[in-house]
Amino acid sequence: MRMRGVTGSSGCGRGSQVRGARMEADQLLVRVAGGDQKAFEELYALVSGPVFGLVRRIVRDPAQSEEVVQDVLLELWRSATRFDPARGSALSWILTLAHRRAVDRVRSVRAAGEREQREALRAGEPAFDHVSEEVEAGLEREWVRHCLDRLTALQRQSVTLAYYDGYTYREVAERLSLPLGTVKTRMRDGLIRLRNCLGGAA
């Protein structure tokens, strides 16, 4: 599946362009709910970029991310009638679907790995490679947690929301009730400190 991002110009017109894209998505999704396949193709071209970006931040693996995006777009076609414009924009609704699917995929992969390990133990197989990978991943997670603990509370909150929960910088700012510029600054400083700390794990 080839992803096509949404392009846009920078500068003072960007805000109006984003609002225009949201309005267009709202109108297209209403048409999709009526079974309009052409509208679905246009909606796909409009939202596939943001959806892939969100899913990629959560799932990490590119191939699995593309599979999740396919699932999201299929669900979008099937459940478009559930969209209620009075409760929010189409783009927000679609990204919520994507976030839920991405988190489900991460949990599913983790559960499958744990299940394989239990089955190997029951069968009396050492599964050395799998155990080695689990230990390495566990140490990696421990080191990431260690490095996150070295950030300030605001830096840690911002980085966690953006890179582990898949929120945009603007959404992070809204959730933390902070100016967008403040969140961007804290995020930048936090990522620099996190990168330097993780570099010491090598």
Identity of the residue in region 35-57, open to solvent by 20 Å² or more (accessible area, probe 1.4 Å) and within 10 Å of the chain's Cα centre (by Cα), that ends up farthest from Ala102 (Cα to Cα): Pro50
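On the given criteria, is Asp84 among the charged types (D, E, K, R) and crowded, with 16+ Cβ neighbours inside 10 Å? Walk me through it before giving the result.
Values: among the charged types (D, E, K, R): yes; crowded, with 16+ Cβ neighbours inside 10 Å: no.
Taking the combined requirement at face value, the residue does not satisfy it.
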Contacts under 6 angstrom Cβ, first residue in region 23-43 being free of Cβ contacts under 8 Å to residues at least 60 places away in the same chain, partner open to solvent by 80 Å² or more (accessible area, probe 1.4 Å), 6 or more apart: Ala33/Thr81; Ala39/Arg31; Phe40/Trp77
Please determine, by comparing only the residues of region 93-116 that are under 16 Å from Ser48 (Cβ atoms) and over 11 Å from the mean Cα position of the chain (by Cα), which one is surrounded by the fewest Cβ atoms within 10 Å (Cβ to Cβ). Trp93
Candidates Arg170, Arg101, Arg105, Arg186, filtered to the one that is touching a helix residue (DSSP H, G or I) at 6+ places or on another chain (Cβ under 7 Å), part of a helix (DSSP H, G or I), at pLDDT 80 or above and over 30 Å from Phe40 (Cβ atoms): Arg186
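The values are calculated or read from the model by the stated rules, or taken from the named source; none is laboratory data. Here the structure is a predicted model, which means the values were calculated and not measured. FYI the Cβ positions are ideal-geometry reconstructions off the backbone, even for glycines, and counts take in every protein chain you see. Keep in mind that these areas ignore ligands, DNA and RNA; they rest on the heavy atoms of the full protein, side chains included. Shrake-Rupley method; radii C 1.70, N 1.55, O 1.52, S 1.80 Å.
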